[in-house]
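The values are calculated or read from the model by the stated rules, or taken from the named source; none is laboratory data. Quick caveat, the model's predicted, so the values are computed rather than measured. We place every Cβ from the backbone using ideal geometry, glycine too, and count neighbours over all the protein chains shown. These accessible areas exclude ligands, DNA and RNA; they are computed on the full protein's heavy atoms, side chains included. Shrake-Rupley method; radii C 1.70, N 1.55, O 1.52, S 1.80 Å.
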Amino acid sequence: MSRSAHPAGPRHADVMTEGHYSAPAADLNVLDEKVWARTVTRDADGALTVGGIAVARLAEEFGTPAYFLDESDFRARCRAWADAFGPGADVFYAGKAFLSRAVVRWLQEEGLNLDVCSGGELTTALDAGMPAERIAFHGNNKTVAEIERAVEAGVGRIVLDSFQEIVRVAHIARSHGVRQRVQIRVTVGVEAHTHEFIATAHEDQKFGIALADGQAAEAVRRTLALDSLELIGIHSHIGSQIFDMAGFEVSARRVVQLLAEVRDEHGVELPEIDLGGGLGIAYTSEDDPREPHDIAKALSDIVTRECESAKLRTPRISVEPGRAIVGPTAFTLYEVGTIKPLEGLRTYVSVDGGMSDNIRTALYDAEYSVALVSRTSEAEPMLVRVVGKHCESGDIVVKDAFLPADLAPGDLIAVPATGAYCRSMASNYNHALRPPVVAVRDGEARVIVRRETEEDLLRLDVG
Ligand code: LLP
């Protein structure tokens, strides 16, 4: 249906000129497989199912709001990344996107490594049995206690983020009598085309050590001079939700350049480079993510080419996808509450969650899609804003979308592609209870992170 054919179209003229949305899909009942987890489909009654289970049953058993994660999709994506990069490279899943014991076990079973960036993530990884040598420890301000735990556990690598940290890690490793494997995180000076808050390779920000002005070369010099550190490579992460490979190519080129300088100055060929994570996923039908295979080929081609021209042995490549693995595998299920049509503007659809289970819309202006999932509908599309139940007008889950005009309180709607950075950034704002994560696979659903309870809230409140 075209916009002008939309019954509410003319009344929405002002909003339409400033909106970020496109025309409603021809049929709102059709699920765009780009944004939904792989086993998601509609059953004969029109209800959405995941892993063979209908959402009404899931809502009844687990309540709403809740995140439902398609375990077989998660595992398939792990395998796709591992296969794409092959045995000559390493894939580290970025745990910050979403981490739980079950996830750690899946990663092990599917042959992935894990990137952690806090003591809490490290504890979860070790507790679920991830071998320490398969863990990379990140962070721009790791505490002494965190570094000590990482060194004691024997993590495979610590990614050094500052001059002070070189000394800190060296000191702790020496006092534990170990030689710690480390990488140095550099900022390559690339402007990634993404939101400012999730771009990390330009120089004016807190991460890494700049390649510019010879800072990174100096960090290499200092690290090589310390016996308790074994410098295994250089790390670069340019940002998140990136589709354009050009930034990665510039980053790879500059990192290889540094490897060549290191070889010339020290006679040492560092064996590894890590190109970080950051690959974009489809949040709406307009996003076109790349397949792991294309990404692996593009990255390994550029590294090989640059190394050949610098006459360097090609280093082992590692990458750290978080969002690209877990993001598409989950959706958030909400129950519709109050529906408020605002004449000449749009209809506000309130759900039983909000910015406490998905802060990304408020924080990054992130775009999401949404669908009516408890049934199909032949009603006309209506322009909606899906909002939460928090005391804040910025509490928006989906800024602009279309839902059927017969939407009613009690309907279930779902927001796809919420597997990454939604549960992991969830809050207790307004004393909201953080929703559970339920893994669904082959007709079975099980809670992997349970819903918070009011007792949990009161237990922390010890005043
Ligand atoms: N490696 C490093 C060193 C990172 O800092 C990150 C993300 C990743 C890998 C994984 O990036 P991914 O493949 O998931 O894009 N909260 C923001 C994203 C912040 C990402 C921080 N670092 C969001 O919701 O978009």
Given unit charges at Cβ for Lys, Arg (+) and Asp, Glu (-), the dipole magnitude of the chain about its Cα centre in debye, nearest 20, is 860 debye
Here the net charge surrounding Tyr334, from other residues whose Cβ is less than 11 Å away from its Cβ (Lys, Arg +1; Asp, Glu -1), is -3
Entries of Lys142/Lys297; Lys96/Lys389; Lys206/Lys340; Lys96/Lys297; Lys34/Lys142; Lys34/Lys389 with Cα pairs more than 31 Å apart: Lys142/Lys297; Lys206/Lys340; Lys34/Lys142
Using mean Cβ contacts within 10 Å as the protection proxy, how do 137-147, 204-214 order, highest first? 137-147, 204-214
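Under Stokes-Einstein, with the Kirkwood radius over Cα pairs standing in for Rh, what whole-number D in µm²/s applies to the chain at 20 °C and 1.002 mPa s?
Roughly 91 µm²/s, to the nearest whole number.
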Antiparallel bridges, percent of DSSP beta bridges restricted to the chain (to nearest 5): 45 percent
Output wanted: per-residue J couplings in Hz (rounded whole) for the range 293-301, from phi through Karplus 6.51 cos²θ - 1.76 cosθ + 1.60, θ = phi - 60°, x for Gly and Pro. 4, 5, 5, 4, 5, 4, 5, 6, 4
Near the amide H of Met382, under 5 Å away, which other amide H atoms are found, from residues 5 or more places off or on another chain, if H is placed in the peptide plane? Leu403, Ala405
Sort 35-45, 251-261 by packing, meaning the average of other beta carbons within 10 Å per residue, with the highest value first. 251-261, 35-45
Report the residues of the range 334-376 in range of a label on Ala408: point 7 Å along Cα→C-beta, backbone N strictly under 20 Å from it. 334-342, 347-352, 371-376
Phi-derived 3J(HN,Hα) across the range 359-365 with the Karplus relation (6.51, -1.76, 1.60, θ = phi - 60°), rounded Hz, x for Gly and Pro, is 8, 5, 5, 5, 7, 10, 6
Go ahead and estimate [θ] at 222 nm for the chain from helices alone: -39,500 (n - 2.57) per DSSP H run with n ≥ 4, summed, over the residue count, rounded to 500. -9000 deg cm²/dmol
Rounding to the nearest 10 and keeping the result within 0 to 90°, find how far the Cα-based axis of helix 163-175 lies from the longest principal axis of the chain. 70 degrees
With contacts defined as alpha carbon pairs under 8 Å and 6 or more residues apart, what's the relative contact order of the range 135-242 in percent? 29 percent
Karplus ³J(HN,Hα) for the range 302-316 (6.51 cos²θ - 1.76 cosθ + 1.60, θ = phi - 60°; Hz, whole; x = Gly/Pro) runs 5, 5, 4, 4, 5, 5, 4, 6, 8, 6, 10, 5, 5, x, 6
Using a 1.4 Å probe and ignoring any ligands, DNA or RNA, find the accessible area of Leu458 and quote it in Å² to the nearest 10. 120 Å²
Averaged per residue, the 1.4 Å probe accessible area of the chain, protein heavy atoms only, in Å², is roughly 42 Å²
When the Cα centres of the range 145-177 and the range 236-266 are compared, how far apart do they sit, in Å? 24 Å
So how strong a dipole does the range 138-321 carry about its Cα centre when Lys and Arg Cβ are +1 and Asp and Glu Cβ are -1, to the nearest 20 debye? 800 debye
What number, in percent, do you get for the relative contact order of the chain if the mean sequence gap of Cα pairs under 8 Å and at least 6 apart is divided by its residue count? 20 percent
